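Quick note: the coordinates plus some simple rules give every number you see, no bench work behind them. Since the structure is predicted, the reported quantities are computational estimates derived from the model, not experimental observations. Don't worry about glycine lacking a Cβ; one is built from the backbone with ideal geometry, like all the others, and counts go over all protein chains shown.
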Amino acid sequence: MSSDDGGICSRLTGSGLYLVITAPNVPHVELARAAVKRGVSVIQLREKQLPDPELLELARALRNVTEGTRTRFIINDRPDIAAAVHADGVHVGKQDADAAVAREIVGPNAMVGLSVNTVADAIAVEADVDYFGVGPVFPTDTKQDADDPVGTGRITDISRAVPGVPIVAIGGLEPGNVAAVMAAGAKFAAVVSAVCFADDPGAAIDTLQNALAPNAERSGRG
């Protein structure tokens, strides 16, 4: 687990690239290894269509890759799977598990991230979560049911309203715009297709890491 104080898990600390692994062009484990090797700050496993036994097996495999490194491992939507594999946390959406329920399942030493779109939503739950996912910042084809783009201004508004909770920006991010979301107040830039669907995911990670520097703190190996 990633707890800095030995008690309730601290907010998601640092900054950098947050890789959401969804149906990648290469095997999940291969991509996770490449990400850890390159110091990606966070890996999130998001595979909503997998049957539970396959999802659990895959989550365990990625936990093995990230265990003992400083790359944190997050499970999307499923606090039960996160708890079962001792992931560093779980990320839930507005329509998924309640953040408080997720906290009960994963325990006090794991992170709970929550997707929000407005300042009001963020203020209402700031005490219950360790980070916010804000987006889509830009148009994206990754999630067909995504809300309208919120733009970088929304990141600034939320970061100012709840400065104690780090923001993970997501939605349409690629090398040409990741620096902009960091400048707007995000601590992490979350990418999906820019890496998962790239012909060379490792090279794509390198390009994104370079675009984020010097705004990011790479995790590296533990």
So for region 1-141, taking the charge dipole from beta-carbon charges (+1 Lys/Arg, -1 Asp/Glu), which of T66, A127, G113 sits furthest toward the positive end? T66
For region 77-222, build the charge dipole from Cβ charges (+1 Lys, Arg; -1 Asp, Glu) around the Cα centre, then report which of T140, V150, V181 sits farthest towards its positive end. V181
Given charges of +1 on the Cβ of Lys and Arg and -1 on the Cβ of Asp and Glu, with all other atoms neutral, how large is the dipole of region 79-166 about its Cα centre, in debye to the nearest 20? 220 debye
What aspartates and glutamates does K37 reach when the alpha-carbon gap must be under 14 Å and sequence neighbours fewer than 8 apart in one chain are set aside? E67, D206
Length added when fully stretched, D200-A23, from 0.36 nm per residue minus Cα-Cα: 62.3 nm
Using 0.36 nm per residue of separation minus the Cα-Cα distance, give me the extension gain between E30 and E67 in nm, one decimal. 11.8 nm
Please sort through the DSSP H helices of the chain and keep those with an alpha-carbon extent of at least 15 Å along the long axis and a Kyte-Doolittle average not below -1.0. 52-66, 151-161, 201-212
Based on DSSP, what percent of beta bridges with both residues in the chain are antiparallel, to the nearest 5? 5 percent
Note the per residue figure in Å³ for the convex hull of the C-alpha positions in the chain. 108 Å³
As a test of the definition: which semi-axes, in Å, follow for region 158-220 when you take the square root of five times each eigenvalue of its alpha carbon gyration tensor? Largest first, please. 22, 12, 10
Can you give the Rg to Rh ratio for region 118-210, taking only C-alpha atoms and Rh from Kirkwood? 0.99
Summing -39500 (n - 2.57) over the DSSP H runs of n ≥ 4 in the chain and dividing by its residue number, what mean residue ellipticity at 222 nm do you reach, to the nearest 500 deg cm²/dmol? -10500 deg cm²/dmol
Could you pull out every one of the aspartates and glutamates with an alpha carbon less than 18 Å from that of K94, ignoring same-chain neighbours closer than 8 positions? E47, D77, D80, E104, D121, E126, D128, D130, D145, D147, D148
Magnitude of the Cβ-charge dipole (Lys and Arg +1, Asp and Glu -1) of region 16-212 about the Cα centre, nearest 20 debye, reported as 580 debye
Residues in region 182-211 reached by a label modelled at D141 [backbone nitrogen below 13 Å; 7 Å Cα→Cβ]: 193-194, 197-198
Kindly state, to the nearest 0.05, the FRET efficiency for A120 paired with K48, given R0 = 35 Å and r defined as their beta-carbon distance. 0.80
Debye-sum result for region 1-113 in log10 I(q)/I(0), which assumes one identical scatterer on each alpha carbon, at q = 0.10, 0.11, 0.12 Å⁻¹: -0.25, -0.31, -0.37
In which sequence would K94, K37 go, from the one with the fewest C-beta neighbours within 10 Å to the one with the most? K94, K37
Any idea what the relative contact order of the chain is, in percent, if you count C-alpha pairs under 8 Å spaced at least 6 apart? 26 percent
